[in-house]
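Below you'll find the structure, written out as structure tokens, and then a few comments.
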Amino acid sequence: MTNRGKFLNAIVIAILPMLARTLHQRYRAPAGTTEAIVPYVLLALLCVLVVAMFEAPPHTASMTRVFVNATGTAMVVLGAAATSQVFFPASLPRFVMVLTMAFVFVWLLTLGALLATRVRLSGGADRVVAVINDTDADQLHRDVAGGPFEQLFVLVDVITSEDDYDEFTKRCEAGQANTIVLGPRASVHPSIVRQAEAMHRSGVKVRSLDVFYDQSLGKLPLSSLDGFAMMGDVESLHGAYAPLKRAIDIVLAAAGGVALVVLVPVVAIGNAVGNRGPVFFRQERVGLHGAPFQIWKLRTMKPGAIDISGWTSNQDPRITPFGKVLRRTHIDELPQVFNIFVGELSVVGPRPEQVGHSRTLEERLPFYAARHLVRPGLTGWAQVRYKYASSEEDAFTKLQYDLHYVRHESLSTDLRVIWLTLRHLAVDGGR
């Protein structure tokens, strides 16, 4: 948004608590009473501050980002208003706090949707010219062609030969580029650096290849990461968000536990008819800091087949007809609420791999062990951005998404993953 747009947005946000106050006085407050105005002025200032901190609504074409941003902003507004009651008891009615949160959410969602539509109609947020080597160019073209539905850029040109470096500026102008991406070699080439600096002064964004992948494709390119790439992210994983995430895990696991208790009798009947054998099974997986643990699932394969090594696909002949139903609906994952309760799993995180696969991938794929810096999850960033992994090549691609999550683990990221997971289940039917 422009500065004028941000100012008008702040005005609307400041009015919303006053609207909630008016509705409360008209329909909820005792007749003849008038509430003090000061608490509502402070609530209005709080709303404006939180909206500014969250940069809400975001400049994006993605409705998912709009929804997550609106949800997070509204939750923080409610949490901060509720916390203020510890110091100023009964200064704000609960009805007003909840209604203000609802107003903020609806307004940000509506305005964000309008802005997202405008960005989409304008052809995307970024027009990109990349200066990279042949190998990275091939990979970038594959990633763009098979990219996620939220891809918010157009790749207008790729330069791979040093013979074309002197034409860099002209090709950027011809493609109307507003973002340039430099690979490791180009970022130290005198001609490219000189031209990039000049374009940057005129407002063109300059990104390294790994930063562009991180921001625009939601993954980290293993080809351009150095040996220390993930080491600087460890400290961020143990901050104030850790206890909040654990609380969210317990609440959601409790809800999942209720669903599990309700569904187990139904599953037991179906299992007796079409999936003869034990209802549950356990399997050793790799968890936080590489420590193994036993994961719980509802059995979906023929008895005696669950310990066979190898990658599992949706067409695996070991899966029973009833097992296919459980896997398709993801009901087979419900027993993992127990793993969440005891702290072996989180709701959101990299999916834990079998010990044998994990040890092999650690030897073959650089940075694979870095995914163990965070607690594994029931669902994850890689799961909502890529297909079901059934080969080592798929594991390579998913690792790049997992490393992005390790670097960006936060409430906003987790809310986004949860929302995309629900959307995936509702729209795509799961796996």
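Which residue, 372, 404, 59, tops the fluctuation ranking in a GNM of the chain built on C-alpha contacts under 10 Å?
Top of the fluctuation ranking is 59.
For the range 1-91, state which trypsin sites (Lys or Arg not before Pro) are in a DSSP loop and have at most 16 other beta carbons lying within 10 Å of their beta carbon.
Here the trypsin sites (Lys or Arg not before Pro) that fit, given the DSSP loop and packing criteria, are 28.
Going by average Cβ density within 10 Å per residue, which order do the peptides 272-279, 364-371 take, highest to lowest?
Taking the mean over residues of other Cβ atoms within 10 Å, the ranking is 364-371, 272-279.
How much area per residue is accessible in the chain when the probe is 1.4 Å and only protein heavy atoms are counted (Å²)?
50 Å²
Give me Rg over Rh for the chain, both radii from the alpha carbons and Rh done the Kirkwood way, two decimal places.
Value, to two decimals: 1.02.
Within 9 Å, Cβ to Cβ, of residue 275, how many net charges do the neighbouring residues add up to if Lys/Arg are +1 and Asp/Glu are -1?
+3
Counting only helical runs of four or more DSSP H residues, what would the 222 nm mean residue ellipticity of the chain come to if each run contributes -39,500 (n - 2.57) and the total is spread over all its residues?
-17000 deg cm²/dmol
Given an 8 Å cut-off on Cα distances and at least 6 residues of separation, report the relative contact order of the chain as a percent.
The normalised contact order for the chain reaches 12 percent.
Quick check for me: using +1 on Lys/Arg Cβ and -1 on Asp/Glu Cβ, what's the dipole size of the chain about its Cα centre, in debye to the nearest 20?
The calculation lands at about 1820 debye.
Can you tell me the alpha carbon radius of gyration of the range 33-174 divided by the globular rule-of-thumb value 2.2 N^0.38 Å?
Against the empirical 2.2 N^0.38 Å value, I get 1.58 for the range 33-174.
Going by average Cβ density within 10 Å per residue, which order do the peptides 376-382, 321-327, 254-260 take, highest to lowest?
376-382, 321-327, 254-260
What are the lysines whose alpha-carbon lies under 17 Å from the alpha-carbon of residue 297, with same-chain residues fewer than 8 places away excluded?
Correct list for residue 297: 324.
Ignoring any ligand, DNA or RNA, what whole percent of the accessible area of the range 87-205 comes from carbon and sulfur when the probe is 1.4 angstrom?
Whole-percent figure for carbon plus sulfur exposure: 57.
The values are calculated or read from the model by the stated rules, or taken from the named source; none is laboratory data. Please read these numbers as outputs of a predicted model, since none were measured by experiment. Counting neighbours? That spans all protein chains shown, and the Cβs are built from the backbone with ideal geometry, glycine included. Ligands, DNA and RNA are excluded from the accessible area calculation, which covers all protein heavy atoms including side chains. Shrake-Rupley method; radii C 1.70, N 1.55, O 1.52, S 1.80 Å.
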